[in-house]
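The structure under discussion appears below in the form of structure tokens.
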Amino acid sequence: MKHFINIKDISSKDLKKILVDAKKRKNQRKNLNILEIDKDAPLKGKLLIQMFEKSSLRTRLSFYLAIKQLGGGTLTLRPNELHLGDGGETLQDTAKILSTYADGFMLRSDSDKKIDNFKDFLEIPLINGLSPSSHPTQVLSDIFTVEEIKKKSISKLNLTWIGDSNNVLNSLIAASVKFNFKLNIGCPKNYHPQKNILNWAKKYNKKIDIFNDAKKAAANADVIFSDKVISLNDKVNKKKKLSQFKNFKINEKLMKLAKKDCTFLHCLPRGPEVEEKVFFSKQSKVWLQALNRVHVQKSILLYCFGKLR
Ligand code: CP
Ligand code: NVA
């Protein structure tokens, strides 16, 4: 049994194996309808319970489809539907019941500590569906999307992140170590990534360039990534934070500073950080990016259930 909690804790070999499997499976179901099950139905009869402490559209739907296409099923919970949510039951007992009734647990949480605690008590695989410090399923799927679009290993590409130093960026930094790609970050001075993640990357001799000027960060990029300036449950002065990012908007002028065939990606939902002209341009591959979550999460599930081919 394997958990999928943080990219930095999973070996490059396993991460790459997940992507190879996702590519194979995606190709094999080109003619299948969305609810049709993969021929080998490797997770037949298996149940994934998902719980969301924060809103979600993509993660919820993509995990629903992912396990369904592998022959299993899912049940989605909200914390206010459980005794745990109002303090009427301990996390330990909740985890035991989840382990008794289901085969896997996917949690989107407001607390990294809660994810850790569930990991300690669960007897089934735990998948992190976004936490304050990381969004690993999103980023692994984004690596897949980049390689699919560019038709080459991500290690040969220059990636640029322009925006807030948040959970998605933390996972992207971890991925830059595991997949060995060049990463530029463009963000305001007081929004640099946390020292602990940069120091972790440094341990692996990873050089990440941080620019307080979006134009410098975008130069020569093969891919520009962005995300909302205000994340879910971000307890900040929103107006003030948005104004601090006013020079970090992705617009056509900025895209022109990158490589000619630069791709724009955004995990969604979006805010004012990207102009519509870019978001709806040919360079933007955000819909493919969203759909690929299904394919990659299928292989993440197989990794967790010990069934990766
Ligand atoms: N990108 C992403 O995780 O979207 P949701 O918040 O809708 O799940
Ligand atoms: N950084 C964003 C990602 C949403 C999918 C957030 O945490 O809200």
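No lab work stands behind these numbers, since they all come straight from the coordinates. Please read these numbers as outputs of a predicted model, since none were measured by experiment. For neighbour counting, all protein chains shown are included, and Cβ atoms are generated from backbone atoms with ideal geometry for every residue, glycine included.
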Taking every C-alpha to C-alpha distance in the chain and binning by 20 Å from 0, the per-bin percentages run 34, 57, 9
Starting from the Kirkwood Rh over alpha-carbon pairs, what translational D in µm² s⁻¹ does the stretch 10-65 have by Stokes-Einstein at 25 °C and 0.890 mPa s? 179 µm²/s
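Quote the relative contact order of the stretch 118-177 in percent (integer), defining contacts as alpha-carbon pairs under 8 Å separated by 6+ residues.
Working: 41 pairs, mean separation 24.4, N = 60.
Relative contact order, the stretch 118-177: 41 percent.
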Quick one: longest stretch of the chain between exposed loop GluC sites (Glu not before Pro), exposed meaning at most 15 other C-beta atoms within 10 Å and loop per DSSP? 124-309
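List the pairs from K119/K182; K96/K119; K2/K307; K178/K285; K24/K282 whose alpha-carbon separation is above 20 Å, in the order I gave them.
Details: K119/K182 32 Å; K96/K119 11 Å; K2/K307 11 Å; K178/K285 23 Å; K24/K282 26 Å.
Distance filter (> 20 Å) returns K119/K182; K178/K285; K24/K282.
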In terms of Cα to Cα distance under 15 Å, which aspartates and glutamates are near enough to K228, apart from those fewer than 8 places away along the same chain? D164, E273, E275, E276
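Can you give the longest stretch of the chain with no exposed loop site, where a site means chymotrypsin sites (Phe, Trp or Tyr not before Pro) in a DSSP loop (not H, G, I, E or B) with at most 12 other C-beta atoms within 10 Å?
Numbers: sites that count: Y204, F280.
Segment 1-203 is the longest.
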Around R108 (Cβ within 14 Å, Cβ-to-Cβ, excluding R108; K/R +1, D/E -1) the net charge comes to +3
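How high is the relative contact order of the chain, in percent, with contacts defined as C-alpha pairs under 8 Å that are six or more residues apart? Write out the running numbers ahead of the final one.
On the way: 564 pairs, mean separation 64.7, N = 309.
Reported as a whole number, the value is 21 percent.
How long are the three semi-axes of the equivalent ellipsoid for the stretch 74-161, computed from the Cα gyration tensor as the root of 5 times each eigenvalue, in whole Å, largest first? Please list the in-between numbers first.
Details: eigenvalues 225, 36, 23 Å².
Largest first, the stretch 74-161 gives 34, 13, 11 Å.
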